[in-house]
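Asker: Structure provided below as structure tokens; questions to follow.
The values are calculated or read from the model by the stated rules, or taken from the named source; none is laboratory data. Just so it is clear, the model here is predicted, and its values are computed rather than measured. So basically every Cβ, Gly included, is an ideal-geometry build from the backbone, and we count neighbours across all protein chains shown. Please note that ligands, DNA and RNA were not included when accessible areas were found on the heavy atoms of the full protein model with its side chains. Shrake-Rupley method; radii C 1.70, N 1.55, O 1.52, S 1.80 Å.
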Amino acid sequence: KLRIVPADTTIQVQNFVQFNAQIVDSTGTAHDTDVDWYVKKNRVGPISDDGLVFAYFPGRANIIAKYDKGMIAKARLSVKDTTVDSSGVNKVRFIRNFLHGKEKHFKTILDNYYQ
């Protein structure tokens, strides 16, 4: 079995996280292994050949490790933006709520109101 460590993690924008891929054998022992790395779904930043992600953008992403024998593992990465916006521009986000409980970001506008 192929797994990614850490499996699910959250970091802040302008930070990085190191992912490692491991093969777990039938005895449960984990061995580090080389894989091909990919970032899918809402890219937050690039991933290096050795699994290092630097987060440029807030959002969520799937980190994919592909082993040469057709094994694939997936981890989730959430990136939060905790920086203070000093522009004085307020953001207003309209969200569309659907009957089945899902939300969809409909539109974000900027208001030039300075506090």
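Asker: Within the accessible area of the stretch 12-54, what % is carbon and sulfur when the probe is 1.4 Å and the other protein chains stay in place? Intermediate results must be reported in sequence, preceding the final value.
Answerer: Working: 1250 of 2760 Å².
Summing carbon and sulfur atoms, their accessible area is 45 percent of the total for the stretch 12-54.
Asker: At a Förster distance of 22 Å, what's the computed FRET efficiency of residue 14 paired with residue 74, Cβ-Cβ distance as r, to 0.05?
Answerer: Details: r = 24 Å, r/R0 = 1.11.
Step by step, r from the Cβ atoms, then E = 0.35.
Asker: Calculate one ³J(HN,Hα) per residue across the stretch 22-35 by plugging θ = phi - 60° into the Karplus curve 6.51 cos²θ - 1.76 cosθ + 1.60, and present them in order as whole Hz with x for glycine and proline.
Answerer: 9, 9, 9, 7, 5, 8, x, 7, 9, 10, 4, 9, 8, 9
Asker: Still on this structure, please answer the following. With the other protein chains left in place, how much accessible area per residue, in square angstrom, belongs to the stretch 1-50 at a 1.4 angstrom probe?
Answerer: Values: 3330 Å² over 50 residues.
Accessible surface, normalised per residue, equals 67 Å².
Asker: Full-extension gain between residue 5 and residue 81, please, as 0.36 nm times their residue separation minus the C-alpha to C-alpha distance.
Answerer: Working: separation 76, 0.36 × 76 = 27.36 nm, distance 2.29 nm.
Additional length available on full extension: 25.1 nm.
Asker: Please list, by residue number, every one of the trypsin sites (Lys or Arg not before Pro) in the stretch 16-45 that is coil in DSSP and has at most 15 other beta-carbon atoms within 10 Å. Spell out each step's value before the answer.
Answerer: Details: sites: 40, 41, 43; in loops: 41, 43.
Here the trypsin sites (Lys or Arg not before Pro) that fit, given the DSSP loop and packing criteria, are 41, 43.
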